[in-house]
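Student: Structure below; questions to follow.
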């Protein structure tokens, strides 16, 4: 009799545990998709999303990356849209606190940022980036340079991670952001989007565009600019 009761209790506990697991999974998926669901103005929807993260909807994150790259190349190389030059100059200025975000940011980027602000996992309560977030964990795990990855993990694990500290090894490699798209996304979120909380959306306006350069369907600058960038 006692054995039967024990079996019944075990079955009941298993069912409750299964229900709880399903609920948690549903809530997790809902939270991951919530910010994407609140945004539908995808300017780069025709380009292949190359940010792949387990159990994470990266559609909005990829849109954010490409919009950021348009912003920095419009600022630092509006004629040729050289992505390596854009990353090198932007990262240097960002680490040294010399970026005028109000001047650089585009209306489309601000629209993306408004949606990103709803991503509770991405931000700390003080609006700084959450280095333990699902997105940042995914990005750092996929850095192509393993030394950079090890440095990032060491800083995060000791609660010493700051953009200015990580900037020293980063600046040496950031020119290769067109090849390491996860490192590129790190730069976008930690050095750019994390600094947009103080931007006044009412003062953001469209900047003059140079349409001589376009991106291919891999979210990269066209072949002409990549050739120029490697010189």
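Student: List the number of the failed condition for residue 39; all other conditions in (1) under 20 Å from residue 194 (Cβ atoms); (2) buried (at least 17 other Cβ atoms within 10 Å of the Cβ); (3) modelled with pLDDT of 95 or more; (4) touching a helix residue (DSSP H, G or I) at 6+ places or on another chain (Cβ under 8 Å) hold.
Tutor: Here residue 39 meets the rest and fails (3).
Student: Further, regarding this structure: Could you pull out the residue among 183, 161 that is without any contact (Cβ under 8 Å) to a residue 60 or more places away in the chain, buried (at least 16 other Cβ atoms within 10 Å of the Cβ) and within 18 Å of residue 69 (Cα to Cα)?
Tutor: Going through 183, 161 in turn, the sole match is 183.
Student: Then there's this: When you go through 216, 137 one by one, which is the residue that is modelled with pLDDT under 95 and within 17 Å of residue 62 (Cα to Cα)? Steps first, answer last, please.
Tutor: Values: 137 fails: modelled with pLDDT under 95.
Going through 216, 137 in turn, the sole match is 216.
Student: In addition: Select from region 115-158 the residues that are free of Cβ contacts under 8 Å to residues at least 24 places away in the same chain, part of a helix (DSSP H, G or I) and either within 23 Å of residue 67 (Cβ to Cβ) or touching a strand residue (DSSP E or B) at 6+ places or on another chain (Cβ under 9 Å) (or both) and list them in ascending order.
Tutor: 137
The values are calculated or read from the model by the stated rules, or taken from the named source; none is laboratory data. It should be emphasised that the depicted structure is a prediction, and the values quoted were computed from it without experimental measurement. Cβ: placed from backbone, ideal geometry, glycine included. Neighbour counts: every protein chain shown.
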